[in-house]
Amino acid sequence: MAVINKEVRLTALERQKMLYDLHCKHCINWNERNNVKYCPGCAIWDEFLKIGEVLDNTISDREESA
């Protein structure tokens, strides 16, 4: 796999980390078992899904030639 848009990918990763630090880290519903699944009543789940789409769109399945 190859990254095709590094700037967009880094921005999405920074946003994901910020959301985790500000919301998930302190959420009473978050725990190690459900950290990749929907938490009941999550206010930012849709935003995480959008970030996932951005991350998926910034990689390529085939290796790019150097």
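The values are calculated or read from the model by the stated rules, or taken from the named source; none is laboratory data. Bear in mind that the values here come from a model prediction, so they are computed numbers and not experimental data. Backbone-built Cβ (ideal geometry, glycine too); neighbour counts: all protein chains shown. Quick note on the areas: whole protein, heavy atoms, side chains included, nothing else; ligands and nucleic acids left out. Shrake-Rupley method; radii C 1.70, N 1.55, O 1.52, S 1.80 Å.
Measure off 7 Å from each Cα along the Cα-to-Cβ vector at Leu19 and Ile4, then give the distance between these two points in nanometres to one decimal.
Label at Leu19, label at Ile4, 2.2 nm between them.
At 1.4 Å probe size, put Arg9, Arg15 in order of accessible surface, largest to smallest. Provide the component values of the computation, followed by the final result.
On the way: Arg9 60, Arg15 85 Å².
Solvent-accessible surface, decreasing: Arg15, Arg9.
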